[in-house]
There are 2 protein chains.
Amino acid sequence: MQTIQSYVLGRWTPGASAPVSLHNPTTEEPVAELRSGGFDPRAVLEHARSEGLPALARLSFRERGELCKALAGALHAKREELIDVSVLNGGTTRGDAKFDIDGAIGTLVAYADLASKLPERPFLVDGPGLQLGRTARFWGQHVWLTRPGVALHINAFNFPAWGMLEKMACALVAGVPVIEKPGTPTALVASHVAQVLVESGKLPAGSYQFIAGSLGDTIEQLGPQDCIAFTGSSATGAKLRASPAVVRHNLRLNVEADSLNAAVLAPEVEAGCETYNLFLANVVLDMTQKTGQKCTATRRVLVPAGRLAEVRADLVAELARIQVGDPADKATRMGPLASKSQFDEVRAGIERLARSGEIACGGAQAARPKGWFLAPTLIAARDAAQPVFHAEEVFGPCASLLPYSGAPEEAARIVALGGGGLVTSAYSNDNAWCERYLAGAGPWHGRVWFASDKSAEQSLAPGMVLPSLVHGGPGRAGGGEELGGERGLHFYMQRVAVQGFKGLVESSFGQAPAGSAV
Amino acid sequence: MQTIQSYVLGRWTPGASAPVSLHNPTTEEPVAELRSGGFDPRAVLEHARSEGLPALARLSFRERGELCKALAGALHAKREELIDVSVLNGGTTRGDAKFDIDGAIGTLVAYADLASKLPERPFLVDGPGLQLGRTARFWGQHVWLTRPGVALHINAFNFPAWGMLEKMACALVAGVPVIEKPGTPTALVASHVAQVLVESGKLPAGSYQFIAGSLGDTIEQLGPQDCIAFTGSSATGAKLRASPAVVRHNLRLNVEADSLNAAVLAPEVEAGCETYNLFLANVVLDMTQKTGQKCTATRRVLVPAGRLAEVRADLVAELARIQVGDPADKATRMGPLASKSQFDEVRAGIERLARSGEIACGGAQAARPKGWFLAPTLIAARDAAQPVFHAEEVFGPCASLLPYSGAPEEAARIVALGGGGLVTSAYSNDNAWCERYLAGAGPWHGRVWFASDKSAEQSLAPGMVLPSLVHGGPGRAGGGEELGGERGLHFYMQRVAVQGFKGLVESSFGQAPAGSAV
């Protein structure tokens, strides 16, 4: 039995409160325990402010990128060990464990690469300079400056590595020290990641702290230059949004919460073509990868009404091929849910959905006598407009099948019933159809993904979050935005309009002349 | 006695609740009454959604810009009438009334000009296209799409014209219908502006509604694509931030609240030089314009400790020249505060500040026997670190004088005690000093303004909000951002990452090839 500690004030610190057990979702056996507390939140924040901030400020963007690259290297060196812990504590297959760990490494490398192209000066230039007076003497320039605060990252259990490092990469490159709180069910994985990062010896003092378990009153101690980035449930997101510190200081808060991501099949995509095959493959992948515990997993599948029976049969056949079982077993394609509470919640969710539809495959019953296993579950809705299919994120290997007319506007209208999502995918070879779908569904999403015969071979699945594209979505999805290359740094920076004599503003704060970039 | 009505569902509608009186701040006589209610918030929102949204969607950016230009023309044609109402209900001098009305007209014209340069297609392109796959076949592009929602604008009493039109210009160009709620004390001015806009006949049905008095449960009826932009007190901002609809839907909320804007004199600026004279002139202007009821007014003046006596004497001498009196009188440089409650609050604020300093001129006593008049008030702090000078926005013609060492880092540290502001101004001919001041004070502000001998002649005062530069600030200032040219439209739009076959993504959603712009 391992004991998870927090890494605060530059040392590993045991918790003080009653222990919580973490389990192996495959066997239901306890594998670690976690005790909250053992630290003073004020001291943790002060450490970040007084040590971490100046240490990062001494580094250029490029040097912070090199830090990210070094962290990526350290994770890569311990990849096998991390995969083993992920299988043990997360119930992930080795493939799913790699998805998480390689996602973390890839994001760090992408931000290292981005940082290597940023200016030597400690700020980013935003747009061209502007003449403000009668002549060009009085000049304006927008710049992004690092906010002298602390980033509190509240991460979800489903991506203990990627989720943490994705937020960290942006904060560190921007120059802001981080405090990482892992999701408790998989905190053993997160704490192993934290150990690797700390033991790399690359992190400047105060730039990284890791709080396992409760945050205590950390949030209440945050000030106006601090920020919170949260990934998790809408309910917790709402609590954070209404929390006194956020409200009092207009604290920056990025929420990435529930999302009923929808895949839409356009009417002209015939069975057997490349786009149709990709549709089947991606829906199955985005339903079952990480046992559906992926914020970008496909939750709703919209199919032209006349095609419903055919698509249902094809999806059921494909889902039947997903072998559910011990994630340590190489033949296994889908492991258990990560925790007992997830298992219970997903079962309850499936039951609620099933009351308004028909279970095409899978269901709420346990798929194995021991462990938190469910079979991939497809529920055919009786009516696409039923609110339950659009209001309830069942965070497991479960999606609903919904009929629509084939018109992109109707698809968009149905998809929008979800109240805002992270990503929607559409399968069509008709550019006009795609443009019309984007016009309707686009504003409800952070990302819109199109497949066609021409890109099928090369496209990454819609559930794949890329460091170069924004990740987030309006409304129910949290209203936030992460990643997107340089855009991901802006959350940790303040956009400032600088005004004054052109000779000062342009030379000190303007775009560096061509050729002078590093 | 005029009765203020709301303009909802395409008609002027009387209120239903008990009347509230609006006054002439010069004479304290009632000039209008306002009754809240008389409408169903659901119907108002539905009107905006079902009529306003599609009507604006039928217009291109350029056409929406032409709408702004037409509204500017309509306001210009009624400028004299609006100035008279402003003097009557706002207690503004004619100069201050023009500042408000011309600010509104200028912002509309600036956004008309901006819109004329936007693409013919109904979205904005954000950054370059990105290769996502192994080859360029799989491609990404960020775009901004109009959010199919309603913009609720809750405006402050101090700029009944400019404040409303500044928000409106951005929303309308972005294609989002507006509901404008004026600040009650000067709602007579706002309602005259509203009448001019409506009578112009240019506003598409449903694109503009005006709610005088209480919003009823309008906020509770908002959905995930709607937004609120608010200008006013921190207390109301906090209430909005914690309101159930905002929390439940992760509703977009832009708050522009208190700001203790600081002017800083660098040590090398000698008395008599152009920069010093501009410092005196701007501090006096930004203390007394609009009787200090300006969110960007100067509230704190930082002066090198050794220069304190000299600068204090010079400022007192300049402030003594500000003639306080009937705003209708051409000789008057400063009118009354806009309402009895403002008058009372400012007097109480001056008394609180005076307990930690010395009144150099002015004070809490009424400047005239009738009307809500105060003299320009300068309070010399005993100690720059006293919290009262940084925690309290006294929203009137009042500023504090604070000593500092002359080091830009110390000035920035003192200024940051304000917890985040809209603008800070610095007077220096030393570029290195300016760079160091920006590094420290920049992240605490939305705008940093520099004066030097070289730009003195042409520079606009720091209190001047420009449509091309962002307006807003972190922390106490609300954490929001408005204007800034195209940036101001983004609040009303959703940034979406589009992925797919390059042939689709680039041609349908990418940057138009050079030369094809309108």
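Note on region B:251-365: enclosed strands (runs of 3 or more DSSP E) holding 3 or more residues that are crowded, with 20+ Cβ neighbours inside 10 Å and touching a strand residue (DSSP E or B) at 6+ places or on another chain (Cβ under 7 Å) are B:252-256, B:262-265, B:300-304. Scanning region A:18-38 turns up at least one residue that is closer than 15 Å to A:Thr218 by Cβ and free of Cβ contacts under 8 Å to residues at least 60 places away in the same chain. Of everything in region A:491-513 that's more than 15 Å from A:Pro128 (Cβ to Cβ), of a type in the set (Phe, Trp, Tyr) and under 38 Å from the mean Cα position of the chain (by Cα), which residue is farthest from the other protein chains (Cβ to nearest Cβ)? This residue is A:Phe491.
Applying the set (1) in contact with an Asp or Glu (Cβ under 9 Å, 6 or more places away or on another chain); (2) modelled with pLDDT under 95; (3) at positive phi to A:Gln2 leaves exactly one unmet item: (3). Taking the criterion of being touching a Leu at 6+ places or on another chain (Cβ under 9 Å), facing chain A (nearest Cβ under 10 Å) and more than 20 Å from B:Asn158 (Cα to Cα), the residues of region B:248-274 that qualify are B:His249, B:Leu251, B:Leu253.
Determine, yes or no, whether A:Glu486 is acidic (Asp, Glu) and more than 7 Å from chain B (Cβ to nearest Cβ).
On the way: acidic (Asp, Glu): yes; more than 7 Å from chain B (Cβ to nearest Cβ): yes.
Spelling it out, A:Glu486 is indeed acidic (Asp, Glu) and more than 7 Å from chain B (Cβ to nearest Cβ).
Among residues of region B:441-467 that are at the interface with another protein chain (Cβ under 7 Å from one of its Cβ atoms) and of a type in the set (Ser, Thr, Tyr), those with a beta-carbon under 8 Å from a residue that is part of a loop (DSSP other than H, G, I, E, B) and surrounded by fewer than 22 Cβ atoms within 10 Å (Cβ to Cβ) at least six positions away or on a different chain give the pairs B:Ser452/B:Asn429; B:Ser455/A:Gly133; B:Ser455/A:Arg137; B:Ser459/A:Gly133.
When you scan region A:366-384, how many residues do you find that are of a type in the set (A, V, I, L, M, F, W, C), surrounded by 16 or more Cβ atoms within 10 Å (Cβ to Cβ) and part of a loop (DSSP other than H, G, I, E, B)? I'd like the intermediate steps shown before the answer.
To start, the set of residues in region A:366-384 that are of a type in the set (A, V, I, L, M, F, W, C) comprises A:366-367, A:372-375, A:378-381, A:384.
Retained after the next criterion (residues that are surrounded by 16 or more Cβ atoms within 10 Å (Cβ to Cβ)): A:367, A:372-375, A:378-381, A:384.
Cutting the leftovers down to part of a loop (DSSP other than H, G, I, E, B) gives us A:367, A:372-375, A:384.
Going through region A:366-384 one residue at a time, the tally reaches 6.
Can you name the residue in region B:441-479 that is among the charged types (D, E, K, R) and surrounded by 21 or more Cβ atoms within 10 Å (Cβ to Cβ) and is also farthest from the chain's Cα centre (by Cα) among such residues? Break it down stepwise before answering.
Kept after step one, since they are among the charged types (D, E, K, R), are these residues of region B:441-479: B:447, B:453-454, B:457, B:476.
This time we only want the ones that are surrounded by 21 or more Cβ atoms within 10 Å (Cβ to Cβ), so: B:447, B:476.
Details: B:Arg447: 13, B:Arg476: 15 Å.
Residue satisfying both the conditions and the ranking: B:Arg476.
Scanning region A:15-73 for residues that are among the small types (Gly, Ala, Ser) and in contact with a His (Cβ under 8 Å, 6 or more places away or on another chain) yields a count of 0.
Can you tell me how many residues in region A:402-440 are away from chain B (no Cβ under 14 Å) and either over 23 Å from A:Ala281 (Cβ atoms) or surrounded by fewer than 24 Cβ atoms within 10 Å (Cβ to Cβ) (or both)? Can you show your working first?
Here is the first cut: in region A:402-440, the residues away from chain B (no Cβ under 14 Å) are A:402-407, A:410-411, A:414.
Adding the requirement that they be either over 23 Å from A:Ala281 (Cβ atoms) or surrounded by fewer than 24 Cβ atoms within 10 Å (Cβ to Cβ) (or both) leaves A:403-407, A:410, A:414.
Within region A:402-440, residues that are away from chain B (no Cβ under 14 Å) and either over 23 Å from A:Ala281 (Cβ atoms) or surrounded by fewer than 24 Cβ atoms within 10 Å (Cβ to Cβ) (or both) number 7.
Scanning region B:468-479 for residues that are in a loop (DSSP other than H, G, I, E, B) and more than 7 Å from chain A (Cβ to nearest Cβ) yields B:Gly472, B:Gly473. From the list A:Gln141, A:Gln131, the one residue that fits, being surrounded by fewer than 17 Cβ atoms within 10 Å (Cβ to Cβ) and within 13 Å of chain B (Cβ to nearest Cβ), is A:Gln131.
Here is a yes/no grid of residues against (1) outside any loop (DSSP other than H, G, I, E, B); (2) touching a Leu at 6+ places or on another chain (Cβ under 6 Å); (3) surrounded by 19 or more Cβ atoms within 10 Å (Cβ to Cβ):
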position: B:Ser191; (1), (2), (3): yes, no, yes
position: B:Gly201; (1), (2), (3): no, no, no
position: B:Gly216; (1), (2), (3): no, no, no
position: B:Gly223; (1), (2), (3): no, no, no
position: B:Ile228; (1), (2), (3): yes, yes, yes
position: B:Ala245; (1), (2), (3): yes, yes, yes
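Whether any residue in region B:171-187 is crowded, with 24+ Cβ neighbours inside 10 Å, more than 20 Å from B:Leu114 (Cβ to Cβ) and among the β-branched types (Val, Ile, Thr) is what I want to check. Within region B:171-187 (the criterion being crowded, with 24+ Cβ neighbours inside 10 Å, more than 20 Å from B:Leu114 (Cβ to Cβ) and among the β-branched types (Val, Ile, Thr)), the answer is yes, since at least one residue qualifies.
Quick check on my filter: what residues within region A:54-65 are crowded, with 22+ Cβ neighbours inside 10 Å and either over 25 Å from A:Ala190 (Cα atoms) or not assigned by TED's automatic domain parsing to the domain that holds A:Lys98 (or both)? Walk me through it before giving the result.
Initial filter on region A:54-65 (crowded, with 22+ Cβ neighbours inside 10 Å): A:56, A:61, A:64-65.
If the condition is that a residue be crowded, with 22+ Cβ neighbours inside 10 Å and either over 25 Å from A:Ala190 (Cα atoms) or not assigned by TED's automatic domain parsing to the domain that holds A:Lys98 (or both), then A:Phe61 is the only one that fits.
Does A:Ala43 qualify as being more than 30 Å from A:Ala328 (Cα to Cα), among the hydrophobic types (A, V, I, L, M, F, W, C) and touching a Pro at 6+ places or on another chain (Cβ under 8 Å)? It is false that A:Ala43 is more than 30 Å from A:Ala328 (Cα to Cα), among the hydrophobic types (A, V, I, L, M, F, W, C) and touching a Pro at 6+ places or on another chain (Cβ under 8 Å).
Residue-by-condition table, conditions (1) under 26 Å from A:Gly325 (Cβ atoms); (2) touching a helix residue (DSSP H, G or I) at 6+ places or on another chain (Cβ under 8 Å):
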residue: A:Lys239; (1), (2): no, no
residue: A:Leu260; (1), (2): no, yes
residue: A:Val284; (1), (2): yes, yes
residue: A:Thr288; (1), (2): yes, yes
residue: A:Ala297; (1), (2): yes, yes
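Would you mind stating whether B:Asp84 is without any contact (Cβ under 8 Å) to a residue 60 or more places away in the chain, under 28 Å from B:Val324 (Cα atoms) and either part of a loop (DSSP other than H, G, I, E, B) or among the acidic types (Asp, Glu) (or both)? Here the answer is yes, as B:Asp84 does meet what is asked. Test B:Leu108 against the criterion of being more than 22 Å from the chain's Cα centre (by Cα) and assigned by TED's automatic domain parsing to the domain that holds B:Lys167, and give yes or no. So B:Leu108 fails the test.
Yes/no per residue for (1) at pLDDT 95 or above; (2) among the charged types (D, E, K, R); (3) in a helix (DSSP H, G or I); (4) surrounded by fewer than 18 Cβ atoms within 10 Å (Cβ to Cβ):
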site: A:Glu28; (1), (2), (3), (4): yes, yes, no, yes
site: A:Arg42; (1), (2), (3), (4): yes, yes, yes, yes
site: A:Leu67; (1), (2), (3), (4): yes, no, yes, no
site: A:Leu71; (1), (2), (3), (4): yes, no, yes, no
site: A:Leu75; (1), (2), (3), (4): yes, no, yes, no
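So in region B:230-239, with the set limited to residues that are modelled with pLDDT under 95 and buried (at least 19 other Cβ atoms within 10 Å of the Cβ), which one is farthest from the chain's Cα centre (by Cα)? My answer is B:Ala238.
The values are calculated or read from the model by the stated rules, or taken from the named source; none is laboratory data. Since this is a predicted model, take the numbers as computed values, not measurements. Cβ: placed from backbone, ideal geometry, glycine included. Neighbour counts: every protein chain shown.
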